Every structure is written in structure tokens, then in C-alpha cells.
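Worksheet for the structure shown next.
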């Protein structure tokens, strides 16, 4: 371990014990017991994700039959000699539509949830979501430009995804630049306010362009509501590297999130380079968020619901919250997507509507609980 | 004697003119502003083109229509009044536009989207009556009726009913048979796969899985200009290469403006469908 990291690790361990003592209703447990408890939570989250993936694959608007699906999966395993009974359209539905959709929902859900948890820790704001720094507004503006000026760019096309990613990245860079230059202290609050500024600005630009080209409204609105079904395996492959990099970086820094959540001065006094850590975390979280938004549009509420639920159940330490958010977030979005495509079958609800439906009452619940760190 | 005769002839002529003209002479609007692309097409098709002063920015047909920057979508009452129109034709009433124009003592005609061919014909008749082109309107409606009937007769109707998927946008919004376009498709005896999912709006969002399993024989694309769709992009969608319509190339491209209006160019829409059905019937089923 590098000399710079060693004090951080020591600091975070001390801080963790102190944190646990601080949290209401939590006693300082022995390391063995807490490790067992966290192991249980991981197992529970893993089971939740597994249940989601299984239901997402077996259930859908077109009933394929559990047995038929299992047989088809087995037929892809070499040397088993099992033949599939699915017709070509059914096989296409299973492997070209449902399977990539479930995987995409896992990736997007994981990234948005982990980004939300990270932002809540970095900015010490319980209502921070992945779109706090302007990613949503910037990506929306980029997507609008692509749809309006891209010569009839198809939804789900690479140009659209690229434009959305670029827009989101530019917006966050702008927020960071404004936040850093904001007066003394460069506090977390400055970044939040800069994010609000940039969001308003890009939203206004987007609205202006949309009004000038009214025929683009349907396409832009559809993109904003979020979609997980137009990409196929292509989108999954595009998203995978960003998801991997983002997840790995965030997971490696989860102890530092605990330290940061004490406060800038306290963290600095423990030897943590606040500015550098904040930058790394924000870049990693934004990378994941921008990539998720680029392929699947703006899916809201996930970044707040999942981390808070995990905190309510497993405690406020980011050592647990971050990996659990990844697992639970993936499962949650798969379930939400399942609802979106089965509740009004064969009609389909936009995924953004389903998550908002869960999100609104959830905010009310969050406001009433005491454990908001 | 000559004087009495001239007087008699003059009186007779005046009486004849009075009787022929009926009540006080009717003046038809000469400064029409149309904020509805469909109404624009109707007006020019019935022969009232010379009475049209200005049309909105979306009215791109016919080419000679006096297009302005007026918006039918977010109309500015002041800008409209600035043209000093004597008749304004609109499609819907946003931001209390009708009330504002009435205050300015301007006549407004609201012609909302037609839900059926009968509605469309009625609107053409209404425009004819209002602009003094009733014969022109009648002739147009007759022409449209005849041509559509001829196209429907000419299109083959196979023994097993063909299924159709009418795509309004690439995220699988479809037009059911309750919509104007859907009704035209219904004339050809096509079964619309979107009907099962109709939520009353006529434009439900379908699940891709359902579309693949319904395996439509014909796909109508009306999202060409807005969203860059074409038979090639449809065939490239994951899982779509096995769809019957894709395999047999039975994908009809209809320009967005034709599919979204209910004017004289509905004949072009019917023609495209008839032509696709004829081509389809010449191929054996895959």
C-alpha cells in the first residue's frame, strides 16, 4: 500500500468505529459479529438480485413457459444433448429482447444506485441523486440536439448515445469548474449549487431547442422517460466497460466515503486529500451515470431509493452501502422493468413512470426516518 | 313611351338581381390564416387557395402555400391578429387562443383531428361552405371517395386475414384501428395488432415482445422523417429479422406529414398500402 493510502486506511478504521457508536440505536459490536451480519446482508442482496433476474427472464408479455425456457437454456450448453422446443420468434424474444434487457437493467440499476450512494456521501446530502451535478440536463440537451439536428437520428442509435454522453460529461465538467471557483472553502455545498445552476441552464437550452422544432417533441419525450428495450446486446456491450470501471473505482474508495461523510475539515485532519478524493469519486460516478443515461435515457429516483433502503436495513457505513446498493439497485431495476412490461400487457409503460411511482411515496418515508446519513 | 319601357326593364333587372342574389350579398373571407396543415391542404384543394393569406410553419403542402413563421402549436395571438385576417382556421385551442381572437373580432374555425374518413369529409365540406367553394369541396370529397374505393377494390384480399403493425415512433407507439390512419388500414381488411392494447387513446405503446410474437404480415412506418426509420433500420433491430413482414420486405414507408394529416393526401396513403398489398400477394408466404 502506498504511504499516502496507509494513513487513510487507519483513519477510516478509526472513523468507522466512531461512526457506529454515533448512529442511534447501534451498539459497537465485535468485528466477528458485524462481519457475519454484513455477510448475511450480502447473501440477502444476492438472493434478491437472483430472484429478479430469474423472474425477469421467465415472465413477460409473451408467456414462453418456464420449462420451455429452461430447455432452451440447456440446449445452449454443449454436450448436454438437449434440444430446444421454442420457435424462432420465441427464441428471438428470449435471447434478443428479454435477456439483454434484464442484463441492461442490472447494469443501469447498479450504476445509478452506486452513483447515488456516492454522491450522497461526497456531498453529505441525503437527497443527492446521480443527476445532482447536471448529468441529466446535459445529457437531455445532447440528446435533443442529436434528435433535432442529427438528420432524423433513430432512438437507440450510437449518435444519440454519444451526444447524450458528451452532453452529460460537459455539464458535470462545467459544474465542477464553477464549484471549484466558488469563493473560499470549495465546500460540498458550492458544488451542489453549481449543479443546480448548470441544470437550470441546460434545461432552458433544451426547452428552447425543442420549442423551435416542435416535431421533435415526441422523440425527445420518449427518450427522457427512459427505455431499456431498444438496445439489445449492442447496448449491453457498450455499457459494460463503463460500468466495470465505475464500479471498481467506487468500490475501492468506499472506506474513504465514510471518512468524507464526517466533514471536509475532519477528513482533512485525518490525512485525506479531500479535493482529490472528491474529484476521483465524482468522475467515477459521473462516468457510470453518463454512460447509463446515454443508452437508457433518464431513469429517476433509483439513485435515492436504493441507497436509502440499504441504509435503513444494513446501516450507514459505505463499506456496506456501496456494494449492497450495486446488488439491490440491479435487482430493483429488473423488477421495475418487469412491472413496466407486464402490468398493462401487451401495452408497455415507460420505465421512468414505474420508478417515479415508487419514488414519490418513498421520499415521504425517507423524510420520516432518522437515519439520514 | 321609351322612358316607361326603360324604367320597366331597369326595375325588372333590379328585381332579378335581388332575387338571384338572395338576401344581402354574402362576402366570403379573403384573408384566411390557416394554422392547421390539414386545413391548408383542404383549402388549396377545394380552390380557395387565392383567399389564403398566411399558413403556419408546419404547412409544407402544397408548395405554393404562403408559409410564415406562425406556429399552430404555440400560437401567438398578437402575431396572428397582425395579419388582419377575416378567418382563422385552427386545429386545437391552446392558451385561450379562440377567446383572444374573438376579442379581436376575428372569426375562428376549429377543426380538430378527424377520427374517421366521414369526419375528414365533413371538415372539407365545412371549409367549402365557409369560403364559398361548396362545389369545389363536394367535387374533392367525391374524388377522394372514388379513388379510395377504387384502391380498396384493386388490392387483393387473401383468404387468411393479414395482420398489420402501424408504427408511429421507434419506441413502439402504434396507431390502432380507432385512429384515422387505422381506419384506412381497416378498409383494406387488415387486422391491426395494436387493437389488443388500445388504452382508449388510439396510440398505445406496445411491448416489443408482443410485436415479435404477433409476427405482422405488413409494417407501416410513419416515423421516417422524425426518427430516421427505414426498412433497413427495422430489419437491423435485434430479433426483428424473423418477422414475416421483414422477411418478405412488406414494409411500407409513409411520409410523416401524410400519415399525420387527414386531408386530400389520405389517397396517397391508401395508394401506398394498396401497392404494398399487391406486391405482397405476388410473393409466396415464407
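The values are calculated or read from the model by the stated rules, or taken from the named source; none is laboratory data. None of the values given here were measured: they were computed from a predicted structure. When we count neighbours, we look across all protein chains shown, and the Cβ atoms used for this are built from the backbone with ideal geometry, even at glycine.
One line per residue, one yes/no per condition, for (1) surrounded by 18 or more Cβ atoms within 10 Å (Cβ to Cβ); (2) more than 13 Å from chain B (Cβ to nearest Cβ); (3) closer than 18 Å to residue A:243 by Cα:
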position	(1), (2), (3)
A:80	no, yes, no
A:88	no, no, no
A:94	yes, no, no
A:113	yes, yes, yes
A:125	no, yes, no
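What is the one condition in (1) free of Cβ contacts under 8 Å to residues at least 40 places away in the same chain; (2) away from chain A (no Cβ under 14 Å) that residue B:195 does not satisfy? Evaluating residue B:195 over (1) free of Cβ contacts under 8 Å to residues at least 40 places away in the same chain; (2) away from chain A (no Cβ under 14 Å) leaves (2) as the failure.
Of all residues in the stretch B:167-178, those being touching a helix residue (DSSP H, G or I) at 6+ places or on another chain (Cβ under 6 Å), part of a strand (DSSP E or B) and touching a residue at least 40 places away in the same chain (Cβ under 8 Å) number 1. Taken over the stretch A:208-236, the residue count meeting the criterion of being modelled with pLDDT of 85 or more and in contact with a helix residue (DSSP H, G or I) (Cβ under 9 Å, 6 or more places away or on another chain) is 6.
Starting from residues that are within 14 Å of another protein chain (Cβ to nearest Cβ), part of a helix (DSSP H, G or I) and within 28 Å of the chain's Cα centre (by Cα), keep the ones in the stretch A:48-77 and report whichever is farthest from residue A:309 (Cα to Cα). Out of the qualifying residues, it is A:58. Exactly one of these conditions fails for residue B:167: (1) in the same structural domain as residue B:38 (by TED's automatic domain parsing); (2) over 17 Å from residue B:33 (Cα atoms). Give me its number. Just one mismatch for residue B:167, condition (1). Among what's in the stretch B:71-95 and is over 13 Å from residue B:32 (Cα atoms) and more than 20 Å from the chain's Cα centre (by Cα), pick the residue that is nearest to the other protein chains (Cβ to nearest Cβ). Looking at the filtered set, the residue picked out is B:74. Kindly indicate whether any position in the stretch B:114-129 is crowded, with 17+ Cβ neighbours inside 10 Å and modelled with pLDDT under 90. No, the stretch B:114-129 has no match at all.
One line per residue, one yes/no per condition, for (1) within 22 Å of the chain's Cα centre (by Cα); (2) farther than 30 Å from residue B:58 by Cβ; (3) surrounded by 19 or more Cβ atoms within 10 Å (Cβ to Cβ):
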residue	(1), (2), (3)
B:173	yes, no, yes
B:178	yes, no, no
B:209	no, yes, yes
B:213	no, yes, yes
B:223	yes, no, yes
B:226	yes, no, yes
B:237	no, no, yes
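If you go through the stretch B:190-199 and keep only what is more than 21 Å from the chain's Cα centre (by Cα) and part of a loop (DSSP other than H, G, I, E, B), you end up with B:198, B:199. Those helices (runs of 4 or more DSSP H) of the stretch B:201-254 in which 1 or more residues are more than 7 Å from chain A (Cβ to nearest Cβ) and modelled with pLDDT of 90 or more occupy B:208-214, B:231-236, B:244-247.
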